[in-house]
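The values are calculated or read from the model by the stated rules, or taken from the named source; none is laboratory data. Treat the numbers as computed from the prediction; the structure is a model and nothing was measured. In this analysis, Cβ positions are derived from the backbone assuming ideal geometry, glycine residues included, and neighbour counts consider all displayed protein chains.
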Amino acid sequence: MTQTDLLIIGAGPAGCSAAVYAARSGVKTVIAGGAMPGGQLLQTNDIENYAGFINPVPGYELMDNMHKQCKRLGVEITSDEIIKLEGDKPPFTLTAAGGKQYQALAVIIAAGAGARWLGVKGEENLKGHGVSACATCDGFFFKGKEVMVVGGGNTAFEDALFLSQICPKVTLVHRREGFRADAVTVEKVKNTPNISMMLNCVVEEVLGEQTVTGAVLRNVVSQETAQVPCAGIFVAVGAVPQTAWLQGSGVELDPSGLVKVDAHQRTNIDGIFAAGDCTESEFRQAVVAAGSGAKAGICAASFVNLHR
Ligand code: NAP
């Protein structure tokens, strides 16, 4: 059993920011970051809206800097994936996949969010064979091929821009005519000649046996369907909080799986805090995650200092 003052679950902007504040308050801090510590920013190409960077910064570089900053301050970052949280008062017991256990006076849940899938016929079977939720990770495999991106938010638009640099044709499919993506990004997409849009359209089925060969799209206005050929389908229809593992822990979740927190990032259990995308329904931005992480780090450090 590894003892620590504070165990943070998640090594994205929320977890790292929390760790910086806690470590600088003299709190012994461990981050359990999972197999790929860094979260969604690792899948983001260029970030232009994180305060303090004059020029766009690659997501992996921003995360790498955050990890190095944490380590410089004495934070230990492990690749443990926490699968169980037990206790209703400190110390809390946390179990990682593989059986390793931690005991911590305070916990911050900063587990982030993962891809939401379409749930249509053919999608599940062809994941990893043409269906992907990460253009930055998998886009290279589709170099020179025609691809489709599904969604109308920033992720879909940024994915389309990224793919347009390596693919001859990108079709952006969105279920209505309005977009959630920022106006600047929408404009960039509209000005990119090899990106075309199919609006008011939904994917009914992903086609292909061994690999993706296309998709059946349905126009939600005319109800007409059409087969559109493509070698890859990038699903960018939002995110779901990575909190299923908290079922049964006593930590209160809302119906969509978000951890319920108050203005001090406190959950319903004293000593357990949460921050970042696993708590956020509206402003899922790296800078917002870092901000809520800072609050959680400050509050968790006060809690630890009162209880040891
Ligand atoms: P999002 O903003 O929630 O957008 C999801 C999109 O997918 C929406 O356009 C939605 O359509 C569509 N959609 C949802 N379910 C669908 C379904 N079953 N079938 C078809 N379409 C579906 O998600 P996101 O783009 O991943 O962005 C998440 C958050 O991260 C946002 O706050 C975003 O601003 C942020 N983000 C920021 C940046 C950046 O600032 N650089 C980059 C990436 C992401 P409707 O619009 O009709 O609901």
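What the table shows:
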| item | result |
| --- | --- |
| Pair list, Cβ < 6 Å and 6+ apart or interchain, from the stretch 65-77 residues that are closer than 13 Å to LYS28 by Cα to residues that are in a helix (DSSP H, G or I) and of a type in the set (S, T, N, Q) | none |
| Subset of the stretch 219-242 [more than 27 Å from LYS143 (Cα to Cα) and not in a loop (DSSP other than H, G, I, E, B)] | ASN219, THR225, VAL240, PRO241 |
| Complete set of residues in the stretch 161-184 that are closer than 25 Å to ARG218 by Cβ and either within 12 Å of the ligand (Cβ to nearest atom) or assigned to a loop (DSSP other than H, G, I, E, B) (or both) | CYS167, LYS169, LEU172, VAL173, HIS174, ARG175, ARG176, GLU177, GLY178, PHE179, ARG180, ALA181 |
| Options GLU187, GLU158, GLU204; residue that is assigned to a helix (DSSP H, G or I) and over 27 Å from GLY39 (Cα atoms) | GLU187 |
| Residue satisfying all of: in the stretch 185-202; without any contact (Cβ under 8 Å) to a residue 12 or more places away in the chain and of a type in the set (D, E, K, R); farthest from the ligand (Cβ to nearest atom) among these | LYS190 |
| Within the stretch 94-129, tally of residues that are away from the ligand (no atom under 16 Å from the Cβ) and part of a strand (DSSP E or B) | 12 |
| Matching option when the condition is of a type in the set (Lys, Arg), in contact with a helix residue (DSSP H, G or I) (Cβ under 8 Å, 6 or more places away or on another chain) and over 16 Å from GLY232 (Cα atoms), among ARG175, ARG180 | ARG180 |
| Residue check, GLU204 outside the structural domain of GLN247 (by TED's automatic domain parsing), surrounded by fewer than 19 Cβ atoms within 10 Å (Cβ to Cβ) and either at pLDDT below 95 or touching a Lys or Arg at 6+ places or on another chain (Cβ under 6 Å) (or both) | yes |
| Failed item in (1) crowded, with 20+ Cβ neighbours inside 10 Å; (2) of a type outside the set (Ser, Thr, Tyr); (3) touching a residue at least 60 places away in the same chain (Cβ under 8 Å), with ASP80 passing the rest | (3) |
| Any hit, the stretch 62-70, residues being modelled with pLDDT under 95, outside any loop (DSSP other than H, G, I, E, B) and within 16 Å of the ligand (Cβ to nearest atom) | no |
| Close pairs from the stretch 39-52: first of a type in the set (Phe, Trp, Tyr), partner in a loop (DSSP other than H, G, I, E, B) and at pLDDT 85 or above, Cβ under 9 Å, at least 6 apart | TYR50/GLN285 |
| Filter result for GLU209 (outside the structural domain of PHE283 (by TED's automatic domain parsing), touching a Cys at 6+ places or on another chain (Cβ under 6 Å) and of a type in the set (D, E, K, R)) | no |
| Failed item in (1) small (Gly, Ala, Ser); (2) within 11 Å of the ligand (Cβ to nearest atom); (3) assigned to a loop (DSSP other than H, G, I, E, B), with GLY144 passing the rest | (2) |
| Residue in the stretch 206-216 that is within 11 Å of the ligand (Cβ to nearest atom) and within 29 Å of ASP46 (Cβ to Cβ) present | no |
| The stretch 255-301, residues that are surrounded by fewer than 19 Cβ atoms within 10 Å (Cβ to Cβ), away from the ligand (no atom under 16 Å from the Cβ) and part of a loop (DSSP other than H, G, I, E, B) | PRO255, LYS260, ASP262, ALA263, HIS264, ASN268, ILE269, ASP270 |
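Yes/no per residue for (1) at positive phi; (2) among the polar types (S, T, N, Q):
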residue: VAL173; (1), (2): no, no
residue: ARG176; (1), (2): no, no
residue: VAL186; (1), (2): no, no
residue: ASN191; (1), (2): no, yes
residue: ILE195; (1), (2): no, no
residue: VAL203; (1), (2): no, no
residue: GLY208; (1), (2): yes, no
residue: VAL216; (1), (2): no, no
